[in-house]
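The values are calculated or read from the model by the stated rules, or taken from the named source; none is laboratory data. What you see is a predicted model; the values in this text were computed from it and never measured. A quick note on method: Cβ atoms are made from the backbone with ideal geometry, for glycine too, and the neighbour counts reach across all protein chains shown. Calculation scope for accessible area: heavy atoms of the full protein, side chains included, ligands and nucleic acids excluded. Shrake-Rupley method; radii C 1.70, N 1.55, O 1.52, S 1.80 Å.
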Amino acid sequence: MTKRLPPHAYFVVSALFHYLGPAFAVLLFARVEPLGVAWLRIAAAALIFAAWRRPWRALANRTVLAWGAVLAAMNCCFYEAIDRLPLATVAAIEFLPVILLAALGARTRRNASALALAVGGVYLLTGVQLGGEPLGVALAFANAALFAAYIVLAHKASREAGIDALGAAMLVAAALVTPFAGWAAAPAFADPVALAAGVGVGVSSSVIPYVADQLAMARLPRATYALMVSLLPATATVVGLVVLTQIPTATDLTGIALVIAGVALHREPRPGTPPGSTPPPAAPPSPPLRPSPAATPTRAASGSRARL
């Protein structure tokens with residue numbers, strides 16, 4: 001069933017659910033501190049993966065251990081950053097190292113052009129502005145670096161242990177984040193609404209989208225996936241229109257068009273294609289070889305051999 005759907009469909013599922021999580025987080029921020037929201041998200045997802053996958057064997061994988069550390073730090077930095085800066089600014093900064101990952105894998109002029117279109121579209125959608133609290137900006141850049149590390153490690157794990165690796169990494173993240181953020185989630189245990197919202201954040205932000213990421217990464221090159229991340233701001237605009245009735249501006253629509261054009265233009269390069277080159281056209285089929293006259297016995301010679 002998972003192989004029948006194209007990997008891009010799984011990415012769309014991931015992108016949609018990435019923006020349902022913040023809807024639950026808005027409810028939580030009024031009741032729980034940002035670090036507490038991060039802990040609830042990670043802990044809820046870890047419990048679900050533990051019951052579903054029982055990924056104990058994957059805990060011995062070094063990639064999984066590193067991935068878990070990245071997940072713990074990334075979630076904490078993300079929620080602390082959006083508590084200080086507009087979400088659009090954090091999203092724009094988050095995309096910067098992803099551009100580098102996509103550029104490293106562009107390899108062809110066609111894909112470099114696709115990357116340029118996507119970058120221009122994201123700029124129009126997010127409106128990069130670095131003004132604001134210095135700590136918030138520092139946290140946003142830390143989150144961006146960790147997001148790039150997430151893509152690298154998650155892509156590698158998808159080829160090794162897949163969803164079991166994800167479940168194990170979430171258990172590692174829960175163990176690492178608890179001493180630093182567990183105390184901040186304490187008020188949620190006396191508030192059923194906050195606790196339910198925390199579980200919702202874990203499911204919509206860490207279970208469904210991360211599983212979809214694994215299914216997509218298992219069949220997509222890392223550079224292709226990195227380029228598709230540029231769809232996230234466009235997806236956010238669509239979700240805002242449908243769910244929150246936020247009407248996009250002409251600039252937003254232009255940005256969405258550029259991102260979609262970039263993703264549509266992108267093609268996976270052939271193995272062995274040098275960076276910055278255009279894949280050579282396929283060579284025409286060679287004409288069939290004709291046997292030489294010397295190699296083909298004449299009718300007379302065949303008859304004489306038969307008589308011998």
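Observations
- Sequence-ordered 3J(HN,Hα) estimates for segment 43-56 from the Karplus curve with 6.51, -1.76 and 1.60 and θ = phi - 60° stand at 5, 4, 5, 4, 5, 5, 5, 4, 6, 7, 9, 6, x, 5 Hz, glycine and proline given as x.
- Integer Hz, Karplus 6.51/-1.76/1.60 couplings in order for segment 29-39, x for Gly and Pro: 4, 6, 10, 10, 5, x, 4, x, 5, 4, 5
- Taking a ≥ b ≥ c as the square roots of the eigenvalues of the Cα gyration tensor, segment 26-85 is oblate, since a/c reaches 1.5 or more and a/b is not larger than b/c.
- Theoretical FRET efficiency, 1/(1+(r/R0)^6), r = Cβ-Cβ of ALA196 and ARG110, R0 35 Å, to 0.05: 0.15
- Per residue, segment 126-229 exposes an accessible area of 36 Å² to a 1.4 Å probe, with every protein chain left in place.
- Using a probe of 1.4 Å on the protein chains alone, the accessible area found for THR249 is around 70 Å².
- Nonlocal amide H pairs with LEU85, under 5 Å, H built at 1.01 Å: none
- For segment 150-165, 3J(HN,Hα) computed residue by residue from phi via the Karplus equation (6.51, -1.76, 1.60; θ = phi - 60°) reads 4, 4, 4, 6, 5, 5, 5, 5, 5, 8, 9, 10, x, 5, 5, 5 Hz, glycine and proline entered as x.
- Sites LEU135 and ALA175, calculated FRET efficiency, Cβ-Cβ separation with R0 30 Å, nearest 0.05: 0.70
- The residues neighbouring VAL90, those whose beta-carbon lies less than 14 Å from its own, together hold a net charge of -3 under the Lys/Arg +1, Asp/Glu -1 convention.
- ARG219-TRP183 FRET efficiency (beta carbon distance; Förster radius 41 Å; 0.05 resolution): 0.50
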